[in-house]
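Remarks on the structure that follows.
FYI, it's all coordinate maths here, none of it is from the lab. No experiment lies behind these values; they were computed from the predicted model shown. Using ideal geometry, Cβ is built from the backbone for each residue, glycine included, and neighbour counts are taken over all protein chains shown.
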Amino acid sequence: MSLFETIAVALWAMLPAYVPNNAAVLAGGGRPIDGGRTWGDRRLLGDGKTWRGTAVGVAAGAALAVALSALAPAASAAVGVDFPTFPAAVAVALPAGAMAGDIAASFLKRRTGRERGAAFPGLDQLDFVVFSLLFAFVAAPAWFGAVFTLPVLAVVVVATPLLHVGTNAVAYALGLKNEPW
Ligand code: CTP
Ligand code: MG
């Protein structure tokens with residue numbers, strides 16, 4: 001696979017995991033997942049992790065995966081890259097993993113004394129990658145092995161932090177997010 005193909009496949013395969021965080025920002029609000037509960041003198045997760053944001057995030061990522069699957073043949077022919085389709089289990093696993101990673105990161109932030117919205121460099125950019133890949137691997141190991149080859153994984157690990165920083169800066173500039181990270 002050429003470098004262009006590797007990058008194209010990596011971004012395509014990760015799109016259903018990239019969209020949930022942004023959809024959650026747009027949809028967030030309402031009841032927090034932790035219901036206001038605390039552990040010690042800190043919130044379990046905080047007001048930044050809501051049921052609505054999580055549900056809309058997973059739904060948006062899954063809908064995108066279904067749409068990309070339908071588009072894969074035409075896109076592959078047009079671009080000359082073999083874009084993968086997403087089995088149903090993966091269409092849910094990628095966005096669910098992304099949201100789970102984001103929630104796990106908030107849990108860790110609260111345990112380390114970081115208030116809602118505080119930055120945690122590294123964790124902020126990669127939490128959702130690790131969990132979405134893990135969920136996809138568990139959901140469909142053979143599909144995972146065929147799509148996420150080592151070069152594709154390498155591109156994902158390098159490109160994701162850049163994309164994450166970029167989209168969050170845009171969301172901040174547009175007033176959609178309270179912090180630029
Ligand atoms: N959001 C949500 N549910 C989620 C994730 C995000 O409702 N599962 C919404 C919240 O409105 C949140 C916003 O998206 O404030 C931004 O997400 P994020 O940066 O992950 O949350 P923070 O508010 O920064 O909180 P934390 O410090 O816990 O990450
Ligand atoms: Mg944040």
Once amide hydrogens are built 1.01 Å from N within the peptide plane, the residues lying 5 or more places from Thr50 or on another chain with amide H under 5 Å from its amide H are Gly29, Ile33
The chain: relative contact order from alpha carbon pairs under 8 Å, six or more residues apart, as a whole percent, is 24
Computed over segment 53-150, the relative contact order (Cα-Cα under 8 Å, seq sep at least six) in percent reads 29
So for R0 = 22 Å, FRET eff. of Leu150-Leu108 from the Cβ-Cβ r, to 0.05, ends up at 0.20
Cα gyration tensor of segment 42-127 diagonalised, 5x eigenvalues square-rooted, in angstrom largest first, produces semi-axes 33, 14, 9
Taking a ≥ b ≥ c as the square roots of the eigenvalues of the Cα gyration tensor, with a/c under 1.5 meaning rounded and otherwise prolate when a/b exceeds b/c and oblate if not, segment 124-167 is oblate
Expressed as a whole-number percentage, the relative contact order of segment 98-179 with C-alpha contacts under 8 angstrom and at least six residues apart is 30
HN-Hα couplings for segment 133-147 via Karplus (6.51, -1.76, 1.60; θ = phi - 60°), in whole Hz with x for Gly/Pro, come out as 5, 4, 4, 5, 4, 5, 5, 7, x, 5, 4, 4, x, 6, 8
Taking the chain and counting helices only, DSSP H stretches of n ≥ 4 at -39,500 (n - 2.57) each over all residues, the nearest-500 ellipticity at 222 nm comes to -24000 deg cm²/dmol
Exposure-ranked with fewest Cβ neighbours within 10 Å first, Asp41, Asp127 stand as Asp41, Asp127
Measuring from the longest principal axis of the C-alpha atoms of the chain, the long axis of helix 88-111 (C-alpha) lies at a number of degrees, nearest 10, equal to 30
Over the Cα atoms of the chain the radius of gyration and the largest Cα-Cα distance (Dmax), both in Å, equal 16.6, 56
Karplus ³J(HN,Hα) for segment 70-83 (6.51 cos²θ - 1.76 cosθ + 1.60, θ = phi - 60°; Hz, whole; x = Gly/Pro) runs 5, 7, 3, x, 5, 5, 4, 5, 5, 8, x, 10, 7, 6
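Using only the Cα atoms of segment 84-181, build the gyration tensor, take square roots of its eigenvalues as a ≥ b ≥ c, and label the shape rounded, prolate or oblate: rounded if a/c is under 1.5, else prolate if a/b is larger than b/c, else oblate.
Working: a/c = 2.15, a/b = 1.70, b/c = 1.26.
Note, shape of segment 84-181 comes out prolate.
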Note: Leu163 to Phe4 extended length (0.36 nm per residue) minus current alpha-carbon separation gives 55.6 nm
